[in-house]
Every structure is written in C-alpha cells, then in structure tokens.
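No lab work stands behind these numbers, since they all come straight from the coordinates. These numbers come from a predicted model, not from an experiment. Heads up, the Cβs are rebuilt from the backbone with ideal geometry, glycines too, and the neighbour counts pull from every protein chain shown.
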Amino acid sequence: MKKDCLSLKDLGKKDILSAIDLASEIKSKINNKEDYKPLKDVILGMIFEKSSTRTRLSFEAGMKRLGGDAIFLSSRDIQLGRGESIEDSARVISGFVDIIMIRTFEHTRILDFAKHSSVPVINALTSLLHPCQVLADLMTIKEHYGSLENLKIAFFGDGNNMANSWLYAASILGLNLSIASPVDLSVDGIVVQDALKEATKTGANIVLTDNPNEAAKNADVIYTDVWASMGEEEQTAKKHSMLRNYQVNKELADKAKSDYIFMHCLPAHRGEEVTADVIDGTHSIVWEEAKNRTFVQMAVIMKLLGRN
Ligand code: CP
Ligand code: NVA
C-alpha cells in the first residue's frame, strides 16, 4: 500500500529520526559531489495553490541532484485552478508521475487528494501543517547541538501551521516545547488534544502559554514565523496588533540561554515577528535551516518510495 506524508504522524518517531539521518548522508554526498542518483527514474509532480520560494526550489533542485525530475504545476495554469475537482485531479496527475507534493489551503484538500492519488503524496504546506519545514528544522537543530534531547524549544507568535507542526514533532519525539501565543490565536484544538495524548506516552514536555517571557526563559531554540500566513491577508492588521508583544527581539532573546539559536521557516518580515538584529545576528541559523529543506525532503521521498 502507498504511504503518504501529510503529517508527521504519518511517519512516526522511527521514520522521522531515520529520515533525518538519511538527510545528513544525502547532504554530505551532494556537498562532496558524489555520483549518487537514487531517484534516477523518479518524477515528482509539484502542485502549488499558494506561492513558494524555498519549497519549490528545494524539491526541484533536490530531485535533479539525485537523478530524478520534477514538474511544477501552478494552480494558475492547471485545470484544478479552474474548478476540476481535487479527486479527478488526483486520479489524473498520479497517472503521470511517481510521487506528488502539494501546497494548498484547507488540510481536508490534501486528505482528499491523497485518498484519490495512486502514488504517495507529501504535504508541502497546508493551512494546518507544514511537516517538511519542521523536519528540516529538526535536522538543523540536530546538526547544531548533536542531539534533539535536553533542549528547550520555544515558538513565538501565531498558533499557525508551523506551531501545529512543532506540536506534533515535540509530542512524537518526546521533546521540550513551549509555545507562546495570545489565547485568541492559540494552536489548533485538535492538534493540541492529539499532541498532549501522544506526550503522555513519549514523555514530551509541552507548555502552551500566553506569556512570551516564560517561553523564552532558558530556551535553547527560539523560533518564530510570520504573523499573517498565506491566505490570511485580510487579517493582517488584526493579527499585527494582537501579536505585537510576541515579537522576537533582543530583549526577549536575552532571556534565552546565552548560546541560543534563532530559527525561522522564512519568509521573514523584519520589524514584525523578528527584529533585524536577531535574524541577522550571530545566533541565527536561518540560512542553513532553509538549505536543509532539500536533503530532508529527498530523504522523505526515498523512504516513501522504499529506496533507502
Ligand atoms: N518555508 C517555506 O516553506 O518557504 P516557501 O513559502 O518559500 O516555500
Ligand atoms: N505560516 C506561514 C509559513 C510559510 C512557510 C504560511 O502559511 O504562510
């Protein structure tokens, strides 16, 4: 039966950790310019219903580097954007390619797509979850600290797709995560329920608070994301006023451990969710974080296709 990656829950702890290890191997092979083409006969279909820089480039470049190919499908150009159903689109597109990634709006759209696709489907961001990004984040943290254990990870701002994805990552892997967001912009209720249940099994320490100082205290990783996500443009002014106190600035970062790292999935808005001195400062590892998207996504593709 085909396996999808719509949420980190589809992978589970063992596959998440082995995907990160495989991603490091892929990174070193690519960086050393080794002749390594495990995806030689694989074509990836890439459906975008929202904009992207990193996701498109990291999947497309990764496929080409590992010997495969990728086809970019913008909803502006394909019939899906003109009302062809998600079910019919899935049936048809999966007949041409070996694996599909999709970036879309409601999470139910990707669930429907995956149900009717004959090939594995990867979530390249929905309004609920962004599993590929959090996998790259985990890889980057592991590269930096050598391990994911005994670290306090703190997320600040909107309880959005990145915050939800962090909840799944922490609960599945048994990590220590604090999320600071205003009560009215808190993380998704169902994800919280799921994550807290999982945390009782894995020993994850999950704290949801509206107090940014509490979350920042002694943190090893400071993480933030845009205040208004794609598709929420009309809520920008409201969200900005609600999130002002959750900005990651020098004063907040000073409450973290002295050797903390700053992470952001990007794109960033300097002066909004993060100040320039933090994102451009010496604690920031955002550029390496972005680069790691390729390696971890290629590892996921290899795992879903049974090529590792
Ligand atoms: N972080 C991320 O997914 O970036 P893009 O929106 O540019 O793909
Ligand atoms: N929360 C952001 C993440 C972008 C990568 C969004 O959905 O727009």
Could you check the simple spin-label distance between residue 43 and residue 76, using points 7 Å along Cα→Cβ, in nm with one decimal? 2.4
Distance from the stretch 284-308 to the stretch 86-102 (C-alpha centre basis), Å: 22
Per-residue HN-Hα couplings for the stretch 283-299, Karplus 6.51 cos²θ - 1.76 cosθ + 1.60 at θ = phi - 60°, whole Hz, x for Gly and Pro? 7, 7, 10, 5, 6, 5, 4, 5, 4, 5, 4, 3, 5, 6, 5, 5, 5
How large is the helix-only mean residue ellipticity at 222 nm for the chain, computed as the sum of -39500 (n - 2.57) over DSSP H runs with n ≥ 4, divided by its residue count, in deg cm²/dmol to the nearest 500? -13500 deg cm²/dmol
Any chance you could run the full-extension gain for residue 207 through residue 69? It's 0.36 nm times the residue separation minus the Cα-Cα distance, nm to one decimal. 45.5 nm
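Would you please classify the overall shape of the stretch 164-308 from the alpha carbon gyration tensor, given that a ≥ b ≥ c denote the square roots of the eigenvalues, rounded means a/c under 1.5, and beyond that prolate means a/b larger than b/c while oblate covers the rest?
Since a/c stays below 1.5, the shape of the stretch 164-308 is classed as rounded.
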Local charge sum around residue 269 (other residues, Cβ-Cβ under 14 Å, Lys/Arg +1, Asp/Glu -1)? -4
Options 118, 53, 74, ranked by Cα towards positive dipole end of the stretch 42-157, top entry (Cβ charges): 53
Roughly how many Å is it from the Cα centre of the stretch 127-192 to that of the stretch 228-278, as a whole number? 15
I want to check a number: in the stretch 174-278, how many lysine pairs have alpha carbons closer than 22 Å, given a sequence separation of 8 or more or different chains? 4
Which value in Å is the Kirkwood Rh of the chain over different Cα pairs? 19.6
Computed D for the stretch 1-144, Stokes-Einstein, Kirkwood radius over alpha-carbon pairs, 20 °C, 1.002 mPa s, to the nearest µm² per second, is 136
In the stretch 87-188, what GluC sites (Glu not before Pro) fall in a loop by DSSP, with at most 13 other Cβ atoms inside 10 Å? 106, 149
Using θ = phi - 60° and the Karplus relation 6.51 cos²θ - 1.76 cosθ + 1.60, list the HN-Hα couplings for the stretch 94-105 in order, rounded to whole Hz, with x at every Gly or Pro. 5, x, 9, 10, 9, 7, 10, 10, 9, 10, 8, 8
Any residue on another chain or 5+ positions along whose placed amide H is under 5 Å from the amide H of residue 208 is listed here as 179
In percent, what relative contact order does the stretch 44-190 have, based on Cα pairs under 8 Å that are 6 or more apart in sequence? 18
Does the stretch 52-119 classify as rounded, prolate or oblate by the C-alpha gyration tensor (a ≥ b ≥ c root eigenvalues; a/c under 1.5 gives rounded; else a/b over b/c gives prolate, otherwise oblate)? prolate
Fewest-first ranking of 92, 121, 226, 97, using other Cβ atoms within 10 Å as the exposure measure: 92, 97, 226, 121
Pop the C-beta distance of residue 233 and residue 35 into the FRET formula with R0 = 41 Å and round what comes out to the nearest 0.05. 0.35
Taking amide H positions as placed 1.01 Å from N in the peptide plane, with prolines and chain starts having none, which residues 5 or more places from residue 152, or on another chain, fall under 5 Å of its amide H? 220, 221
Restricting to Cα pairs below 8 Å that are 6+ residues apart, what does the relative contact order work out to for the chain? Please round to a whole percent. 20
With each pseudo-label sitting 7 Å past Cα toward Cβ, what's the residue 91-residue 196 distance in nm, one decimal? 4.2
Would you pull out the residues with amide H under 5 Å of residue 274's amide H, same chain only if 5 or more places away, H placed 1.01 Å from N? 248, 269
Could I have the simple spin-label model distance between residue 51 and residue 105, label points 7 Å from Cα toward Cβ, reported in nm to one decimal? 1.7
